[in-house]
1. Calculate, axis by axis, the spread of Cα positions in the range B:101-160 along the three principal axes, and write the results as whole Å, longest axis first.
2. How large is ³J(HN,Hα) for each residue in the range A:172-179, as worked out from phi by the Karplus curve 6.51 cos²θ - 1.76 cosθ + 1.60 (θ = phi - 60°), to whole Hz, x for Gly and Pro?
3. So what J values fall out for the range A:204-213 if you push phi through Karplus, 6.51 cos²θ - 1.76 cosθ + 1.60 with θ = phi - 60°, rounded to Hz, Gly and Pro as x?
4. Given H placed 1.01 Å from N in the peptide plane, which residues other than close sequence neighbours of residue A:131 have an amide H under 5 Å from its amide H?
5. Expressed as a fraction of 2.2 N^0.38 Å, the rule-of-thumb size for a compact globular protein of N residues, what is the C-alpha radius of gyration of chain B?
6. Considering chain B as a Gaussian network with a 10 Å cut-off on Cα pairs, which listed residue, B:352, B:271, B:310, attains the greatest mean-square fluctuation?
7. How much of the accessible area of the range B:123-278, in percent, comes from carbon and sulfur atoms when a 1.4 Å probe is used?
8. Say the dipole of chain A comes from +1 at the beta carbon of Lys and Arg and -1 at that of Asp and Glu; which of A:211, A:115, A:153 then lies farthest toward its positive end?
Amino acid sequence: MQTIFSIGVDALAYGMVLFVISIGLSVTMGLMRVVNLAHGAFAMIGGYIASYAARDLGLAYALAVLLAVAGTILIAIPIERFLYRRIYGQPELTQVLMTIGITFCVIGIANYVFGPTLKTIPTPDALREPVSLGFRTVSAHRLFVIGCGAAVALGLWYFIERTAFGVKLRAAVDNAAMAAALGVRTEIVYAVSFAVAVGLAAFGGVVGAELLPIEPYYALRYMVTFLVVVSVGGAGSIPGALAACLLLGAIDTTGRYLMPEFGEFFFYLAVIAIVWLFPRGLAGRAK
Amino acid sequence: MKKLAFAALAAALMGGVAHADTIKVGVIGPFSGPFALQGKNFKAGIDAYMALNGNTVGDDTVEIIYRDVPTADPAQSKALSQELVVKEGVQYLAGFYFTPDAMAATPLLEQANVPMIVMNAATSAIVTKSPYVVRTSFTTWQTSTPIAKVAFDGGAKKIISVVSDYGPGIDAEAAFKAGFEKAGGEVVEAIRMPLQTNDFSPIMQRIKDSGADGVFAFLPSGPTTLGFVKAFNENGLKDAGIKFFAPGDLTQESDLPALGEAALGLTTTFHYAVSHDSPENKKFVEAAGKAIGNPAELSFPAVGAYDGMHVIYKMIEATGGEQDAAKAVEAVKGLAWESPRGPVSIDPETRHITQNIYLREVAKAADGTYYNKEIQTFEKQGDPGLEAAK
């Protein structure tokens with residue numbers, strides 16, 4: 001019983017890390033219909049900024065997180081204006097080629113500027129301590145990540161489903177021409193959603209850095225994992241992405257505990273089964 | 001008079017042709033991609049050796065030609081080795097960070113009349129693939145065997161071994177098991193983790209549940225070691241008094257700034273620490289640090305490359321610059337010298353390097369940086385892996 005609880009805690013924490021990092025991609029792919037393979041690159045940029053702010057400048061962790069999100073969005077604005085705006089509505093292959101190209105550029109620049117070594121983001125002492133849950137100890141940082149995941153899920157759901165902007169966004173997604181005809185400035189809607197998605201990527205990169213450490217190949221190394229989460233959850237669906245992350249986190253963690261030799265076998269087996277049963281993901285909408 | 005001058009000129013010219021050759025050395029390593037740092041270390045070691053010893057041996061000039069194999073890719077490694085031999089006319093092949101890359105190129109050596117100097121790849125069997133292979137790095141067996149004795153003498157009787165599921169990881173598992181059981185301990189469980197593991201919490205739970213009083217771990221140097229060491233601390237294993245043993249790949253110097261406090265007190269065994277206290281090493285670290293640009297990036301592949309160059313220089317000296325692989329390899333069998341890592345020699349039987357293995361502890365220096373502090377020496381260790389394979 002204790003073992004089950006213990007695996008449950010690990011699964012929840014791992015699932016939430018996946019969620020925080022991947023949800024931004026779900027927004028770009030599902031709501032903006034852009035296959036943004038550079039998502040990991042933005043997460044990495046966030047990680048580098050936070051690392052630089054907290055480690056080299058000695059700023060507080062919270063401030064570093066804010067700086068990372070703001071800084072990454074600032075970097076993303078010209079990229080959106082000059083590059084992404086050309087590929088909205090283009091065939092997927094064009095989008096894939098363009099965004100993978102951006103990814104390689106970012107990897108090269110990161111390698112040149114920050115060097116190939118690992119960069120850590122020093123966490124405050126309060127997050128570093130092991131916390132006893134009675135049946136086991138878990139790091140405070142994991143609990144913090146679980147909290148972040150829940151907050152992001154709630155906030156984003158409210159933003160898209162309950163605000164006026166969310167209405168405009170959903171309208172622009174369903175029928176851009178009609179929304180524009182009704183006076184919705186679609187390019188602004190897209191720019192804001194892109195900024196939100198990039199900000200979430202950066203946030204995920206920073207809080208997930210304990211599990212997925214920041215180094216130049218981050219942008220490619222975890223790309224498959226992010227894409228899997230989005231396709232299993234159903235692009236654009238927040239509850240779907242959350243369910244996918246928790247499910248995949250649970251399967252992966254249990255598999256690793258019981259039969260580590262099988263590697264990621266169970267993870268991908270689950271992915272195949274889910275995509276076979278739900279071709280559009282757990283909560284995907286029919287086109 | 002005119003005739004005499006002409007004869008002298010002709011003699012000089014001919015002499016020039018016969019003796020002042022350019023000897024090309026082809027170096028294959030990961031110079032771009034995720035392992036570029038290790039390739040950079042190869043280059044730093046080679047540059048350091050040439051800066052300290054000049055780029056000539058006798059009358060011959062040594063020229064290095066680099067070829068990039070970013071990740072383990074045997075087909076590419078073989079193709080580039082062939083190109084180096086056929087098109088560039090290299091007399092020596094060197095480098096090789098990954099075992100499969102070295103293995104793939106060994107069938108070429110005999111026909112090409114070219115010796116191979118392995119500067120990193122650490123699987124025991126490589127030297128058996130061709131009589132022209134000489135290795136100046138280490139093997140996983142060589143660095144993992146002494147830690148078993150350290151673990152047993154340190155009071156750990158039951159150990160769980162946790163390794164990455166690939167060649168060197170399995171070597172490490174076997175080496176530790178052999179050493180530890182010989183000492184009288186028991187390996188209660190052996191876990192192999194996939195290379196792509198990001199979250200180590202479930203593994204830590206397994207370690208805790210196994211009831212072992214120590215863990216032996218092997219992961220390739222790089223990003224995953226950080227997650228592993230952090231998970232070890234954060235899941236309360238360190239506080240529970242579970243001892244941690246590993247070969248030095250886990251605490252290589254270029255990863256230490258990131259590992260930081262999490263790694264403090266970890267004990268590992270390895271053949272080289274940048275902090276090694278000797279005049280040879282001081283000279284080496286200064287030259288290689290200059291070559292690599294940022295001295296904090298200096299790590300073990302650099303010393304393998306540095307000593308590899310020493311072996312190549314000795315080979316060129318012995319053959320007088322002629323291409324004769326058999327003679328070159330014969331000349332370095334039993335060769336002993338003082339390396340930056342301590343006294344070393346080439347075992348005449350195996351053509352693998354015999355060297356000291358050091359027990360080190362991650363410690364904090366006065367300036368706040370972390371380093372591997374050598375605390376015990378196991379002298380003149382050969383490669384136990386070859387005997388185990390027999």
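The values are calculated or read from the model by the stated rules, or taken from the named source; none is laboratory data. Every value quoted in this text rests on a predicted model; they were computed, and no experiment measured them. Reconstructed Cβ throughout: ideal geometry from the backbone, glycine too, with neighbour counts over all protein chains shown. Ligands, DNA and RNA are excluded from the accessible area calculation, which covers all protein heavy atoms including side chains. Shrake-Rupley method; radii C 1.70, N 1.55, O 1.52, S 1.80 Å.
1. 52, 18, 15
2. Going residue by residue, I get 5, 5, 5, 7, 4, 5, 5, 4 Hz, with x marking Gly and Pro.
3. Values, residue by residue: x, x, 6, 6, x, 4, 5, 8, 10, x Hz.
4. A:138, A:139, A:140
5. Details: Rg = 22.3 Å, N = 390, 2.2 N^0.38 = 21.2 Å.
Output field value: 1.05.
6. B:310
7. On the way: 2200 of 4280 Å².
Of the solvent-accessible surface of the range B:123-278, carbon and sulfur hold 51 percent.
8. A:153
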